[in-house]
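Structure record follows, encoded as structure tokens.
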Amino acid sequence: MPIGAGRRSGMLVHTADCRLASGRTRPATREQVLDALRQPQVEACSICPAAREVGVTDS
């Protein structure tokens, strides 16, 4: 089953060294991350600098 399939809650995008990232992770290109963050059920992790890493936010 794909990551996030059937979930009621949203998915998070993490950096590789985020302490909240689970063992079911996979690398993504910058374009894949930007595309994922455009989806309403996907958010950048508030703990790691995932959005900042790809230039989505200034935080």
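How far, in nm, would the chain grow between CYS18 and ASP35 when pulled straight, counting 0.36 nm per residue and subtracting the alpha carbon separation?
Values: separation 17, 0.36 × 17 = 6.12 nm, distance 2.02 nm.
Here the segment from CYS18 to ASP35 would lengthen by 4.1 nm.
If you take the beta carbon distance between THR25 and ARG52 as r and set R0 to 30 Å, what does 1/(1 + (r/R0)^6) give as a FRET efficiency, to the nearest 0.05? All intermediate terms of the calculation are to be shown ahead of the outcome.
Details: r = 18 Å, r/R0 = 0.61.
Working from the Cβ atoms, E equals 0.95.
No lab work stands behind these numbers, since they all come straight from the coordinates. Fair warning: this is a prediction, and the values are worked out from it, not measured in the lab. When we count neighbours, we look across all protein chains shown, and the Cβ atoms used for this are built from the backbone with ideal geometry, even at glycine.
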